[in-house]
1. Which whole-Hz couplings ³J(HN,Hα) result when phi for each residue of segment 98-109 is put into the Karplus expression 6.51 cos²θ - 1.76 cosθ + 1.60, θ = phi - 60°, listed in order with x for Gly and Pro?
2. Around THR67, what is the net charge, scoring Lys/Arg as +1 and Asp/Glu as -1 over all other residues with Cβ under 13 Å from its Cβ?
3. What residues qualify as long-range amide H neighbours of ALA34, i.e. H under 5 Å apart, gap of 5 or more or another chain, H built at 1.01 Å from N?
4. Hey, how many Å between the Cα centroid of segment 76-129 and the Cα centroid of segment 1-61?
5. What percentage of all Cα-Cα pairs in the chain are separated by more than 26 Å?
6. Looking at the chain, how many pairs of lysines come closer than 16 Å at the Cα, when each pair is eight or more places apart or spans two chains?
7. Hey, with R₀ at 22 Å, roughly what FRET efficiency would ASP114 and ASP3 work out to, going by the Cβ-Cβ distance, to 0.05?
8. Would you mind telling me which residue in GLY63, GLY37, GLY104 has the biggest mean-square fluctuation in a Gaussian network model of the chain, where springs connect alpha carbons within a distance under 10 angstrom?
Amino acid sequence: MEDKLNILLVEDNLLNQRIVTFSLKKFNHDVVIANNGLEALERFREKKFHVILMDIMMPVMDGLEATIKIREEEQLTGVETRTPIIALTANTMDNDRDKCISYGMDEFMSKPFDIERLKTIFKELSITA
């Protein structure tokens, strides 16, 4: 994770926002926070991100619905490379991962947040600036 990435963190829990942001800023990444899926859509429309870290269970609009809407917008605008979306969730059942992938997410990461696991996912998905 040497490249400086623009990361959209979609998370409604303030403590989780702080933990993830602190970890990512250690690697000099820019982090924009959205408190729910609706805010995530607004931020997505305003700026290009290298990756989106998406909580699943949030008020207003959950992460699954937000992912569907982001993928729809990408199709409508004809982007060449879709933005990788990584689920961040406390749900760790096998079918939770499958559900996230089926909704258009690229990878699944269980909480508590683990920066080393995220670095591995970034490598696997070839996420670079």
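1. Values per residue, Gly and Pro as x: 4, 5, 4, 5, 5, 8, x, 7, 9, 7, 9, 9 Hz.
2. -4
3. So ALA34 has HN proximity to LEU9, VAL10, GLU11.
4. 13
5. Result: 12 percent of Cα pairs exceed 26 Å.
6. 12
7. So, using R0 = 22 Å, E works out to roughly 0.65.
8. GLY104
Computed from the coordinates by the stated procedures, all read-outs in this text should not be read as laboratory data. This is a predicted model, so every value here is computed, not measured. Neighbour counts run over all protein chains shown; Cβ positions are idealised from the backbone, glycine included.
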